[in-house]
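Notes to accompany the following structure.
The values are calculated or read from the model by the stated rules, or taken from the named source; none is laboratory data. Only a predicted model underlies this, so the values are computations on that prediction, with no experimental measurement involved. Here the Cβ positions follow ideal geometry from the backbone for every residue, glycine too, while neighbour counts run over all protein chains shown. When the accessible area is computed, the model is the full protein with side chains, heavy atoms only, and any ligands, DNA or RNA have been set aside. Shrake-Rupley method; radii C 1.70, N 1.55, O 1.52, S 1.80 Å.
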Amino acid sequence: MCLSRTELNQLPKIELHCHLDGSISMATIRVLAEKARISIPESDEALRFKITAPESAESLLDYLAPFDFVLPMLQTQEALELAAYDLIAQAKADHVRYIEVRFAPTLHTAGGLSLEQVVVAVTKGLAKGEADFAVKSNALLCGMRHESVDTIMKVVDLFSKGELTHVAGFDLAGGEADGYVSDFASILEMVKERGIPLTLHAGECGCAQNVMDAIELGATRIGHGVAIKDMPDKWAELIDKKITLEMAPTSNIQTKAIDKAENYPFKTLFDAGVRVTINTDNRTVSDTTLTDEYVKLADWFGFDEAVFRQVARYAFEASFMSPQQRADLADEFML
Ligand SMILES: O=c1[nH]cnc2c1ncn2[C@H]1C[C@H](O)[C@@H](CO)O1
Ligand SMILES: [Zn+2]
């Protein structure tokens, strides 16, 4: 029997892949714009047009365009804290019990903040969100793929600052090109050496080899990884190494990682035993919620509750939670 939207909404969830700057609610964007004295459209319809992925998006690069609109509003500690708090409120509405919130600290320094101040502000917002909404979280720090190795290294160095808390892992985001992972081998070797948990955006643009390169260089999780559908001979390796794919159905269609729902490889990969998880990627840019993503997958593939519980267990196991967070949530997700 098909699960209703209400039943899907109420399932306890874990979200591993959600970008802070792509997931600020419209109401909070209005608050942030006013604080930053940035004029934005008055009508919600016109504002939505600016902050969501264009319907005509042909690629990941088109999909990323709305970020340029919101980033100027995210240049103070107050704004970052509000944005993080707002995201936790949205996660609560999806019955998310734990979320990893990613962002690129270097994109928030235009107003004079240090990288460290950026991270402190976000984690403060996450902590307030946890206190008010009982949603646990950690931050993941992204380097941007268009940045220099030196710049990204400064982000990696943040992990060595003992006073930062709730910073759980590293990622590389931004436009994807064939072979990009190996360009960052020196950074990723350092990440491995320092024992920093690693997830990498890969296989979002038809570049399946990037997924295998990411695994080779130490990623235990892959952001999207959709292109691995084209390399079935590699699935056994993913299963064997317990690699987890952070998939995001709406985003993956918008970026043209996949042409249409029927070809979305989630069920094929799940049935084969690959660890797949469900994520929003960007709630606002993709105009979605985690419940919407569950509803889509239930509609497309007729998944029952057991599938969603198994997927949540995969997310729990692959998460970069602290031992305490893991102990607190184990009963709920390791049924
Ligand atoms: O799906 C994505 N793929 C690659 N990069 C992305 C995606 N969604 C957001 N980003 C980028 C744009 C943001 O400014 C940055 C940090 O969150 O990450
Ligand atoms: Zn992403």
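For the reader, a short list of remarks on this structure follows.
- Cut-off under 5 Å, modelled amide H: who pairs with L74 long-range: none
- 3J(HN,Hα) from dihedral phi, segment 253-265, Karplus parametrisation 6.51/-1.76/1.60, rounded to Hz, x for glycine, proline: 7, 5, 7, 6, 4, 9, 7, 8, 3, 4, 9, 5, x
- Candidates S148, S137, S251, ranked by Gaussian network fluctuation over the chain, Cα under 10 Å, top entry: S148
- Using a cutoff of 8 angstrom between alpha carbon atoms and counting only pairs six or more residues apart, the relative contact order for segment 140-218 works out to 32 percent.
- Within the listed set D157, D171, D281, the Gaussian network model of the chain (springs between alpha-carbon atoms below 10 Å) gives the highest mean-square fluctuation for D157.
- Cut-off under 5 Å, modelled amide H: who pairs with A36 long-range: none
- Remark: segment 1-120 is approximated by an ellipsoid whose semi-axes, taken from the C-alpha gyration tensor as √(5λ), come to 26, 19, 15 Å, largest first.
- Under a 5 Å amide H cut-off, with hydrogens placed 1.01 Å from N, G143 pairs with D171, L172, A173 among residues at least 5 apart or on other chains.
- With helices as the sole contributors, the chain gives -13000 deg cm²/dmol at 222 nm; each DSSP H run of n ≥ 4 counts as -39500 (n - 2.57), and the sum is divided by every residue.
- Measuring gaps between exposed loop sites in the chain (GluC sites (Glu not before Pro); DSSP loop; at most 12 other Cβ atoms within 10 Å), the longest gap, sites not included, is 164-335.
- Restraint check, K124/K229; K128/K192; K13/K229, Cα-Cα greater than 29 Å: K124/K229; K128/K192
- Stokes-Einstein diffusion of segment 167-240 at 37 °C, 0.692 mPa s viscosity, Kirkwood radius from Cα pairs, rounded to a whole number: 268 µm²/s.
- For segment 129-286, the fraction of alpha-carbon pairs lying more than 21 Å apart is 47 percent, rounded to a whole number.
- Per residue, the average separation of C-alpha pairs within less than 8 Å and at least 6 apart gives the chain a relative contact order of 20 percent.
- Segment 5-330 - percent of accessible surface contributed by carbon and sulfur, probe 1.4 Å: 50
- Here, P(r) means the percent of Cα pairs in each 5 Å bin from 0 to the largest distance; for segment 72-146 it is 3, 18, 28, 22, 15, 9, 3, 0.
- The spread of Cα positions in segment 5-330, taken along each principal axis and listed from longest to shortest, comes to 52, 44, 42 Å.
- A dipole drawn for the chain from +1 and -1 charges on Cβ atoms has a positive end, and of F133, F159, S56 the residue lying farthest that way is F133.
- Coupling constants for segment 192-197 follow from the phi torsions by the Karplus curve (6.51 cos²θ - 1.76 cosθ + 1.60, θ = phi - 60°), and in residue order they are 5, 4, 7, x, 7, x Hz; glycine and proline get x.
- The translational diffusion coefficient of segment 143-205, from Stokes-Einstein at 20 °C and 1.002 mPa s with a Kirkwood hydrodynamic radius over alpha carbon pairs, comes to 175 µm²/s.
- Solvent exposure of segment 130-265 as accessible area per residue, Å², 1.4 Å probe: 39
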